[in-house]
Amino acid sequence: MSHAVGYPVRVGGRLDPGLSRWLWLVKWLLAIPHYFVLFFLWIAFIVTSVVAWFAILFTGRYPRGIFDFNVGVLRWTWRVDYYSYAALGTDRYPPFKLADDPEYPARLEVSYPDHLSRGLVLVKSWLLAIPHYLVVGLFVGGSAYIVSTTTSADGSSPSVTTYTPGLIGLLVFIAAIVLLFTGKYPRGVFDFVLGMNRWLLRVAAYAALMTDVYPPFRFDGGGVDPGTVAVSEPPAPPQEGTAES
């Protein structure tokens, strides 16, 4: 027998060979149906997470149906992100489903916890996860406000919002340019991009109360998550009265 070791949130991605040089230019358009569905799924995710918060607070358990749904939303989101501009790791169109698809090159699994701390639920999302939010902020970027020096008629100075890309966006853009001109996705860039996405999704699952295990401050790059590596178990000793073959 074998079992998986590592963090209970497992994020994997298989870099497809023969990626199109130009398809990434229009994936923002092709993914619109998924973005539309995910908009409503994430609204439901927020609502069910609030229900799960109260359930954990009073019972110490994450309702299994809600857990499976929320993991499904994270899984769906990861598949779309992997297809589009969080990785560009495949040209295969993501399936419209919450369930795992073993054939799709991007996969996400979260081990169901038998019991969760009723006390930690009060502080995990907003306090304990703050150090990770700072790291994730570097990965995904954000908005910055630049105040104009031009004064309008009413005496106010308008502000202009600009987007500051994070490391994920920057590296994926570099990979896209290399892909456009060479037809190849740089493997080193892919491994680094996967590591950042893996860190992000571990934190997302922790903040969504799916595990009490604190996300490691460890960069696990590459497409294969360490938690999916099988470790052989020693054979069970023969029972009494049973002859060994």
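Numbers below:
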item	result
Theoretical FRET efficiency, 1/(1+(r/R0)^6), r = Cβ-Cβ of LEU170 and ILE130, R0 25 Å, to 0.05	0.55
Built amide H within the under 5 Å cut-off of ALA106, gap 5+	ARG14
Whole-Hz couplings from phi, Karplus 6.51/-1.76/1.60, listed for region 61-68; x for Gly and Pro	10, 8, x, 4, x, 5, 4, 4
Only Lys, Arg (+1) and Asp, Glu (-1) charged, at Cβ; region 1-92 dipole about Cα centre in debye	120 debye
Contour minus Cα-Cα distance for LEU98 and ARG64 (0.36 nm per residue)	10.8 nm
Percent accessible area from carbon and sulfur atoms, region 1-73, protein chains only, probe 1.4 Å	78 percent
Percentage relative contact order, region 189-229, counting C-alpha pairs under 8 Å, at least six apart	53 percent
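The values are calculated or read from the model by the stated rules, or taken from the named source; none is laboratory data. Bear in mind that the values here come from a model prediction, so they are computed numbers and not experimental data. Positions of Cβ are generated from backbone atoms using ideal geometry, with glycine treated the same way; all protein chains shown enter the neighbour counts. All accessible areas refer to the heavy atoms of the entire protein, side chains included, with ligands and DNA or RNA removed. Shrake-Rupley method; radii C 1.70, N 1.55, O 1.52, S 1.80 Å.
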